[in-house]
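Only one structure is covered here, and it is reproduced in the block below.
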Amino acid sequence: MVETKDFSSKNETSSTIILSVFEKEGPVPKICVPDIISEDNRMIIAMKSISLLMGEQIYQGGNFFDSVKYFGILPFPDLELTGLTYFFLIKDESARGKAKAATISLLVEDKRSYFLYENTKQLSIMLAETAKLLAYEGVSHEEIGDLINSLAQKVENYISEVNTPIELSRKLKVLFVGLGNSGKTSYLRALHEKFSELTEIRPTKGIERSEINVLGHQIMDWDLGGQEKYRRSYIKNADLYLYDTNLLFYFIDIRDDNRFEESFEYFGKLIGILRAFNQYPPIIINFHKMDPDISDTPELKAKLEKLKKKFTEFSTGFTIHFFNTSIFEAYSLNKSFSEGINALSPNKEIFAAQLQWFASKLNAQAMLLLNESSLILSDYAIDKDIELVSEISAPHFQNLFRTFTDFKLITKNQALWQMENSMVLFNHFNLDDNSLYLLTLTNNEENIRKKFERHFPKFKERIKLLIQTYL
Ligand SMILES: Nc1nc2c(ncn2[C@@H]2O[C@H](COP(=O)(O)OP(=O)(O)OP(=O)(O)O)[C@@H](O)[C@H]2O)c(=O)[nH]1
Ligand SMILES: [Mg+2]
């Protein structure tokens, strides 16, 4: 029987907290505050949340103790609940690996899940602080009860302080900003492969909005024309244009040294406004027009270092990433855009852990999960070089795969490329309505196909939940 809470008479978000621990007999829901979810449903939550951690590779052996701390937002559609879950380990000398896997889930009604996304950071801190106290060996049953009750109280207090509107789906606002002529519109057109529109680009008049879909989530791209008259208007009417930005791409034309100062000034103003709003979206800085034929001189390197330093100085409190991009290098566009989207995902780390687990089963050097438009949803690699090789080559393998599939030369959703000392196994699969691709790079691993078949169902099962709440 599925029992759900009745919130209809209330306007406010209500939350429930469940602590689950992996005991000898399996996942056990230890305590639920307030006590309003049925035993059966608690069990579902315990099983689903803990099973994501149960890749032996992820936590066995004790020495993983401090590295196992993941957050994720998980859907429980049958229960009409969504949970922010913290995965951690509780010390226990008698357990396998000297630790027991555990999760704390903060559950809200599905239609209130927006609250979790909007407040992930603050809520995560509360969960992590409680988990830290629970992680010691031999915490008594009473103490556990007190800790979870006090967490529930903290969360309720927080909820009453913040006002989060009900939104059925999270609408993400992504800004593309920079001086006029820095290449924002070209970047977007090239990224979305609108090549025919690349040659007729004019300066953007005001704002051009377009919508894209990533794994069923709507993302609104705001291309903010960068001529001076428009910039003034964005700053003046910041609450219209800059408020509630989820992600910001900032462009700087790397060849236009004369306008660096002007660009810093604009960037500084934008950052100042976001701070005043108390909003700290992730920022991706694209050093743009870094075309492949520009030689990688020491002068250029010095110039980039100087720019990075300057941008970093400006951005205290923000998470900021740098990329070199050019419309003539598809990989560079895809990489910076993917990192931006990844930065939005509450499930980024737990996703990477799943890929790492699968890679360990296949003895793989790298694994990449791509969507239909070559967006890198998650990746794992043993080192930086391998990461680069797999990321640069992935869209090419994807193209080859599609071409051969179109001509019916591939019929099994799988292709294997053999190179000198390495192999690439490429797989296509569907998960709900999403068409996904998995690239696996290995040394000449024997029976790679068999191994893949053996572990793939479990991998698929695990990411199925995570994908639904990817953004
Ligand atoms: N060499 C080179 N030129 C580029 C690149 N990206 C854009 N451009 C050129 O830069 C000029 C300006 O590009 P836009 O995309 O219009 O720049 P924008 O930032 O949208 O400009 P506004 O709309 O006025 O803010 C165009 O002539 C583009 O062809 C690039 O990666 N390399
Ligand atoms: Mg433009």
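Just so you know, all these numbers are worked out from the coordinates, no wet-lab data involved. Note that the structure is a prediction, hence the values are computed from the model and not measured. Here the Cβ positions follow ideal geometry from the backbone for every residue, glycine too, while neighbour counts run over all protein chains shown.
So which aspartates and glutamates pass the test for Lys121, namely a Cα distance under 15 Å, with those fewer than 8 places away in the same chain ruled out?
Partners found: Glu129, Glu349.
Quick one: if the Förster radius is 45 Å, what FRET efficiency do Thr403 and Thr297 give, using the C-beta to C-beta distance and rounding to 0.05?
E(calc), rounded to 0.05, equals 0.75.
List the chymotrypsin sites (Phe, Trp or Tyr not before Pro) within segment 124-233 that DSSP assigns to loop and that have no more than 13 neighbouring Cβ atoms inside 10 Å.
Loop-located and lightly packed - Tyr136.
Aspartates and glutamates near Lys301 by alpha-carbon distance under 16 Å, same-chain residues fewer than 8 away left out - which ones?
Leaving aside aspartates and glutamates fewer than 8 places away in the same chain, those within reach of Lys301 are Asp253, Asp256, Asp257, Asp291, Asp293.
Just going by the charge dipole of the chain, with Lys and Arg at +1 and Asp and Glu at -1 on Cβ, which of Gly180, Phe87, Tyr250 is farthest out on the positive end?
Result: Gly180.
Quick one: putting +1 on the C-beta of Lys and Arg, -1 on the C-beta of Asp and Glu, what dipole do you get for the chain around its Cα centre, in Debye to the nearest 20?
Computed charge dipole of the chain: roughly 540 debye.
Once you have a ≥ b ≥ c as the square roots of the Cα gyration tensor eigenvalues for segment 196-246, tell me rounded if a/c is under 1.5, and otherwise prolate or oblate according to whether a/b is larger than b/c.
Note, shape of segment 196-246 comes out oblate.
Hey, what number do you get for the chain at 222 nm if only DSSP H runs of n ≥ 4 count, each worth -39500 (n - 2.57), divided across all residues, to the nearest 500?
Calculated from helices alone, the mean residue ellipticity at 222 nm is -12500 deg cm²/dmol.
Can you give the net charge of the other residues whose Cβ lies under 12 Å from the Cβ of Ser150, counting K and R as +1 and D and E as -1?
Residues close to Ser150 contribute a combined charge of -3.
How big, on average over all directions, is the shadow cast by the Cα convex hull of the chain, in nm²?
25.4
Determine the sum of side-chain charges near Ile392: Lys and Arg each +1, Asp and Glu each -1, restricted to other residues whose C-beta is under 13 angstrom from that of Ile392.
Cβ neighbours under 13 Å give a net charge of -3.
Rank the residues Val155, Val33 as a footprinting-exposure proxy: fewest other Cβ atoms within 10 Å of their Cβ go first.
Val33, Val155
Loop only per DSSP, at most 14 neighbouring Cβ atoms within 10 Å: give me the trypsin sites (Lys or Arg not before Pro) in segment 338-434, ordered by residue number.
Here the sparse-neighbourhood loop sites are Lys408, Lys412.
Are there any helices in the chain, counted as whole DSSP H runs, that stretch 20 Å or more along their axis by Cα and score at least -0.5 on average by Kyte-Doolittle, and if so which?
Counting only whole DSSP H runs, the qualifying helices are 120-134, 260-276, 330-344, 348-362, 384-406.
What ranking, highest mean first, results for peptides 451-457, 94-100, 177-183, 439-445 when packing means the other Cβ atoms within 10 Å averaged over each residue?
177-183, 439-445, 94-100, 451-457
Which of rounded, prolate or oblate describes segment 313-397 when judged by the alpha-carbon gyration tensor and an a/c cut-off of 1.5?
Cα axes put segment 313-397 in the oblate bin.
Out of segment 297-393, which chymotrypsin sites (Phe, Trp or Tyr not before Pro) are coil in DSSP terms and have no more than 10 other C-beta atoms within 10 Å?
Here no chymotrypsin sites (Phe, Trp or Tyr not before Pro) fit, given the DSSP loop and packing criteria.
Once R0 is set to 35 Å, what does the formula 1/(1 + (r/R0)^6) return for the Cβ-Cβ distance between Leu304 and Leu431, expressed as a FRET efficiency to the nearest 0.05?
0.35
With an 8 Å cut-off on Cα pairs and a minimum separation of 6 or more residues, tell me the relative contact order of the chain in percent.
12
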